Amino acid sequence: MLNQEELQRYDRQILLPEIGRQGQEKLKATKALIAGAGGLGSSVALYLAAAGIGGLRLVDHDVVDRSNLNRQVLHWEGDIQTAKVVSAQKKIQSFNPEVSVEPRETIISEETLPQLVEGCHILVDALDNFSTRYVLNKRSLDSQLPLFHGAISRFEGEVTTIIPGRTACLRCRYKGFVPEETFPVIGVAPGIIGNLQACEVIKYIVEAGELLLNRLMRYDGLKQRFTEFSIKPNPYCDHCGQGGS
Amino acid sequence: MSVRVYIPHTMQSFANDQEVLEAEGKNVGECIQNCINVYPQLYNELFKEKGKLNNYIEIYVNQESAYPNELSKPVKDGDEIHISLMLAGG
């Protein structure tokens, strides 16, 4: 049930036929796990909080470093050396006190994820490396929870929405190990991609529009261009196909 | 017979700063080899040992994923090949 403050706060979006009061109630009833409280995590969390999502469980093991501040907009100069999830919780709750924020300062692994996703309705991939993404992907499949993927580098980014059993999963694109490296990035890239992820999450919750299902949206900031690629489930995928059975 | 091959930003410096190369070939592999014949430095960016594409390279033909067996995917006049790098950052 929406209270008077919420009806005021969300008035402009409740006016949207795609959302309305019913959609706003659905947003309030949803808890999202955001894996990663960095660049993508900052923009996804901020805009889901703005939209009135009921709960955000933020997971990250890292502390704020000065080199994060060009893009991780929930973390400010005074937060350096503070746990990212604590820093993010402080900003989000100040921004919208109606949102319940649960910080989880822990590593994301096969061991920790089952408990981390408990009680969450959706998973948001705001991670910064392939190996943890695949662990999250597997948990999405095993728990039958939708996964909203985003990734960035340089002036570029990509987004897709994964519904277990209906779409290609992240691992369907796997071709073998890729070494990790420090990625160069301009802050607007995670800003834009995180917002696209938030838009997908909102549409999924209120059942509006068309999701990026089996569609990989790539953003090229240097050309200021979006390109959509068609992807498909890989029958030999070791997470969702025959390779995993 | 001409196929447009889109080169990712990080490799364009090895292709005379061009985003799109015109190539000829019956399949993706031949078109890419055609590009490498003109711009040999592209080879090390695209391939690892034994002529296998690097794990982080993705190929799309007419904006559809060509995975798996990307290099043998047939192409025809007017097709577009996008070479793309998987992104890991967040």
Regarding the protein assembly as shown, what are the three Cα extents along the principal axes, ordered largest first, in Å? 66, 40, 40
What does the highest-first list of B:16-26, A:223-233 look like by mean Cβ count within 10 Å? B:16-26, A:223-233
The percentage of the accessible area of the stretch A:4-244 (probe 1.4 Å, all protein chains present) made up of carbon and sulfur atoms, to the nearest whole number, is 51 percent
Residues of the stretch A:110-151 losing 30 Å² or more of accessible surface, assembly versus chain alone, probe 1.4 Å, please list them. A:Phe130
Near A:Lys26, which aspartates and glutamates are there with a Cα under 16 Å away, not counting those fewer than 8 places off in the same chain? A:Glu6, A:Asp11, A:Glu18, A:Glu98, A:Glu200, A:Glu207
Running a GNM on chain A with Cα contacts under 10 Å, which residue among A:Ala29, A:Ala189, A:Ala37 ends up with the highest mean-square fluctuation? A:Ala29
Roughly how big is the A-B contact, given as buried accessible area in Å² (both sides, 1.4 Å probe, nearest 100)? 2500 Å²
Checking the cross-link filter: which lysines have an alpha carbon closer than 19 Å to that of B:Lys52, excluding same-chain neighbours under 8 positions apart? A:Lys175, B:Lys26, B:Lys73
Mind checking the mean number of beta-carbon atoms from other chains within 10 Å of the Cβ atoms in B:1-13? 1
Which of the GluC sites (Glu not before Pro) found in the stretch A:117-160 are in a DSSP loop and have at most 15 neighbouring Cβ atoms, other than their own, within 10 Å? A:Glu118
In deg cm²/dmol, rounded to 500, what helix-only [θ] at 222 nm does chain A give when every DSSP H run of at least 4 residues adds -39500 (n - 2.57) and the total is split over its residues? -10000 deg cm²/dmol
For peptide A:172-181, the mean count of other chain Cβ atoms within 10 Å per residue Cβ is 4
Could you check the simple spin-label distance between A:Arg66 and A:Ala50, using points 7 Å along Cα→Cβ, in nm with one decimal? 2.9 nm
Heavy-atom accessible area with a 1.4 angstrom probe orders A:Phe148, B:Phe47, most exposed first, as B:Phe47, A:Phe148
Between B:Val61, A:Leu141, B:Met86, whose Cα lies farthest towards the positive end of the dipole of the protein assembly as shown when Lys and Arg beta carbons carry +1 and Asp and Glu beta carbons carry -1, centred on the Cα centre? A:Leu141
When the charge dipole of the stretch B:3-85 is computed with +1 at the Cβ of Lys and Arg and -1 at the Cβ of Asp and Glu, the Cα pointing farthest to the positive end, of B:Ser72, B:Cys35, B:His9, is that of B:Ser72
Over the stretch B:3-85, what percent of the accessible surface lies on carbon and sulfur atoms, probe 1.4 Å? 47 percent
Label-point separation (nm) for A:Leu16 and A:Asp220, each offset 7 Å from Cα along Cα-to-Cβ? 2.9 nm
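The values are calculated or read from the model by the stated rules, or taken from the named source; none is laboratory data. Remember, it's a predicted structure, so these values are computed and weren't measured experimentally. No Cβ is skipped: glycine too gets one built from the backbone with ideal geometry, and neighbour counts run over all protein chains shown. Keep in mind that these areas ignore ligands, DNA and RNA; they rest on the heavy atoms of the full protein, side chains included. Shrake-Rupley method; radii C 1.70, N 1.55, O 1.52, S 1.80 Å.
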